[in-house]
Amino acid sequence: MFFLYPMLKVPPSVEVKPECTYLSWEDKYDVDDKRLICLFPEIGTSSMRKYHEKKYLLENRRYETMYPVEGGKTIYVFDFSNASKDWANLIAGNYSKLSTSVKLSVTDFFRMNPKTAGYMDSYIRPEKYYEIYAKLLDVDVELLKEGVELLGKPDMTREKLLRTQVNLEMSV
């Protein structure tokens with residue numbers, strides 16, 4: 001979920017980036033557990049990548065555990081139980097109701113990619129973009145204002161990790 005990863009405060013310049021993030025994991029974590037599940041490619045052996053892994057993932061205040069999986073990949077699990085209100089807003093698709101701190105994290109994380117930053121800003125501050133979207137979609141601006149949000153709810157089917165090949169003996 002692209003709104004949650006920035007809350008980990010991992011700078012976008014860090015070499016270690018997840019391939020994908022999820023809100024649940026089949027037979028392991030339910031969406032109500034409030035865990036962000038991140039699938040990372042093989043970290044590699046470079047000293048900088050190992051440093052980034054340690055500093056930004058393993059020592060992250062939200063870090064809970066990790067699971068080595070096939071292909072040298074690793075699943076990191078981060079605990080968002082202390083962000084219940086923001087979690088509930090994300091699940092409900094109420095992105096404009098996210099807390100100011102989350103909005104700042106998202107804005108800061110995507111600022112170096114202007115195209116993505118623009119989309120993200122339109123999702124968390126839709127009132128600034130109703131006129132633009134109305135023209136692009138050829139709809140009445142009032143229709144967009146009624147719906148408030150410019151992005152639909154997360155698709156929980158796509159937000160669920162189905163991977164099961166986990167080496168549980170190696171989990172930390």
Quick one, which of (i) 31, 14, 13; (ii) 32, 18, 14; (iii) 28, 19, 14 is the actual semi-axes √(5λ) of the Cα gyration tensor in Å calculated for this model? (ii)
Assigned charges on the beta-carbon of Lys, Arg, Asp, Glu; the chain dipole about Cα centre (debye): 620
Nearest 10 degrees is fine. How inclined is helix 100-110 to the longest principal axis of the chain, computing both from alpha carbons? 70
XL table LYS34/LYS73; LYS73/LYS153; LYS28/LYS115; LYS50/LYS153; Cα-Cα > 25 Å flagged, in table order, is LYS73/LYS153; LYS28/LYS115; LYS50/LYS153
Any idea how far the Cα center of the stretch 1-41 sits from the one of the stretch 114-154, in Å? 25
Under the helix-only model (-39500 (n - 2.57) for each DSSP H run of 4 or more, divided by the residues of the chain), the mean residue ellipticity at 222 nm, to 500 deg cm²/dmol, is -8500 deg cm²/dmol
Quick check on the chain: of the DSSP beta bridges with both residues there, what percent are antiparallel, nearest 5%? 90
What does the highest-first list of 127-139, 32-44, 106-118 look like by mean Cβ count within 10 Å? 32-44, 106-118, 127-139
Using a 10 Å cut-off on Cβ atoms, rank the peptides 79-90, 142-153 from the highest mean neighbour count down. 79-90, 142-153
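Readers should treat all values here as calculations from the given coordinates under stated rules, not as data from a laboratory. What you see is a predicted model, and the numbers here were worked out from it, not measured in a lab. Ideal geometry is used to build each Cβ from the backbone, glycine not excepted, and the neighbour counts take in all protein chains shown.
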